[in-house]
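Here is the structure we will look at, set down as structure tokens.
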Amino acid sequence: MSLIVDKFNRKVEYLRLSVTDRCDFRCVYCMSEDPSFLPKDHVLSLEELAWIAQAFTELGVKKIRLTGGEPLVRTDCDKLIDLLGKLPGLDDLSMTTNGSRLSKLAQPMHDAGLKRLNISLDTLNPELFTEMTRNGKVDRVIAGIDAAKAAGFKHIKINAVILRGKNDHEVIDLIDFCRERELDIAFIEEMPLGVIDERKRSRHCSSEEVRGIIEDTYPLIPSSKRTGGPARYFKMADSDIHIGFISPHSNNFCHECNRVRVTVEGRLLLCLGNENSVDLKAIVREFPGDIGKLKEAIMDGIQHKPKEHYFGTDDDVQILRFMNSTGG
């Protein structure tokens, strides 16, 4: 049982740990076209990342998801997976990736102890994919998905952000792609993080709208599936895959939030939609080897976890940091 309990009696059992703010894509909802990245000395080392993860697991965290940026641009990521996989009490080690490097790295990641993958895929159209990622190739991602299945990953989920007038016509195509490959899929409402020129609130597409599109073709049945995250899952009568909806705008899930994020800069983010944070890197570097100091900072910081976030659907941006520096 987690010892990390906030003042609203929510137990934190899930850590999203960013290993880099860098990415080989420039997705239009994630970062600016010409982003700036952290200097190397601002980035946590593998040992520092593992040390922070150990502190969380000793406090009862059972689930860690590695995020970025794109975690696989960090070439030593398999070594971190090996370190984390040895932590007592860690039941679930997973990763969110754009899939572009999985053709080469899926097998080493699986062999190192990674258990689950979330892979971002917003469109199957090559031209639109390159437009939305500003430089990506959809064929590489699809090849990466197939490589992950071949490597032995049993739990693969596709994440798709649907934007009105951009890729909302592909909702059924994405579901059919997942049905064919026996992959779960989650549709995620766009989150207003960072000032991005392309973002227009009129492109917001709610989970209810996406669900309506799906049910015109595939009636959905509520599912009892829970993964410890914010998705609400459904099934189809003629398929074993699950369809999830993550709805930070239209179905606020803050009352049951069980997660925090640590950026690669070592900042403990207590809420995705809030700027308050705790500088864990300063603790790690001032008191190397003192895990007690680190756990004390985590426990003190968690009392500042806010009750809820607010994401509006107008043009206002509440959070100035971009998604790539947030940690997924």
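The table below gives the values:
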| item | result |
| --- | --- |
| Accessible area, probe 1.4 Å, largest first, for residues 173, 78, 21 | 173, 78, 21 |
| Given 104/293; 40/79; 63/281; 235/307; 40/63, the pairs whose alpha carbons are separated by over 29 Å | 104/293; 235/307 |
| Solvent exposure, largest accessible area first (probe 1.4 Å, DNA, RNA and ligands not counted), of 91, 240, 168 | 240, 91, 168 |
| Spatially proximal aspartates and glutamates relative to residue 305 (Cα-Cα < 18 Å; intrachain offsets below 8 disregarded) | 6, 13, 256, 275, 279, 296 |
| Rounded accessible area per residue of the range 17-124, 1.4 Å, Å² | 38 |
| Counting DSSP beta bridges with both ends in the chain, the antiparallel % (nearest 5) | 30 |
| Portion, in percent, of the accessible area of the chain that falls on carbon or sulfur, probe 1.4 Å | 50 |
| The range 74-166: C-alpha pair distances exceeding 23 Å, % | 28 |
| Most to least packed among 115-121, 96-102, 263-269 [average Cβ atoms within 10 Å] | 96-102, 263-269, 115-121 |
| Backbone HN-Hα couplings from phi across the range 155-164 [Karplus 6.51/-1.76/1.60, Hz, Gly and Pro as x] | 10, 10, 10, 8, 10, 10, 9, 9, 10, 4 |
| Amide proton proximity set for residue 136, modelled H, under 5 Å, gap of 5+ | 26 |
| Size of charge dipole - the chain - debye, nearest 20, with Cβ of Lys, Arg +1 and Asp, Glu -1, no other charges | 800 |
| Disulfide-incompatible cysteines by the Cβ rule (no partner under 4.7 Å) in the chain | 23, 77, 178, 205, 254, 257, 271 |
| Phi to ³J(HN,Hα) by Karplus 6.51 cos²θ - 1.76 cosθ + 1.60 over the range 294-307, Hz, x for Gly, Pro | 5, 5, 5, 5, 5, 5, 5, x, 5, 6, 9, 5, x, 5 |
| ³J(HN,Hα), Karplus 6.51/-1.76/1.60, whole Hz, each residue of the range 50-62, x for Gly, Pro | 5, 5, 5, 4, 4, 4, 5, 5, 5, 8, x, 5, 9 |
| Amide hydrogen neighbours beyond the local backbone of residue 244, cut-off 5 Å, H modeled | 185, 186, 187, 234 |
| Value of [θ]222 nm, deg cm²/dmol, for the chain, DSSP H segments ≥ 4, -39500 (n - 2.57) each, nearest 500 | -8500 deg cm²/dmol |
| Hull volume in cubic angstrom per residue (convex hull over the Cα atoms of the range 208-294) | 145 |
| Once the Cα gyration tensor of the chain is diagonalised, semi-axes √(5λ) in Å | 30, 22, 20 |
| Separation of the residue 143 and residue 86 label points, Cα + 7 Å toward Cβ, nm | 3.4 |
| Amide H contacts of residue 157 (H built 1.01 Å from N, under 5 Å, at least 5 apart or other chain) | 117, 118, 119 |
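The values are calculated or read from the model by the stated rules, or taken from the named source; none is laboratory data. Model, not experiment: these values are computed from the prediction. A quick note on method: Cβ atoms are made from the backbone with ideal geometry, for glycine too, and the neighbour counts reach across all protein chains shown. The protein model used for the area step is the full one, side chains on, heavy atoms only, and it has no ligands, DNA or RNA in it. Shrake-Rupley method; radii C 1.70, N 1.55, O 1.52, S 1.80 Å.
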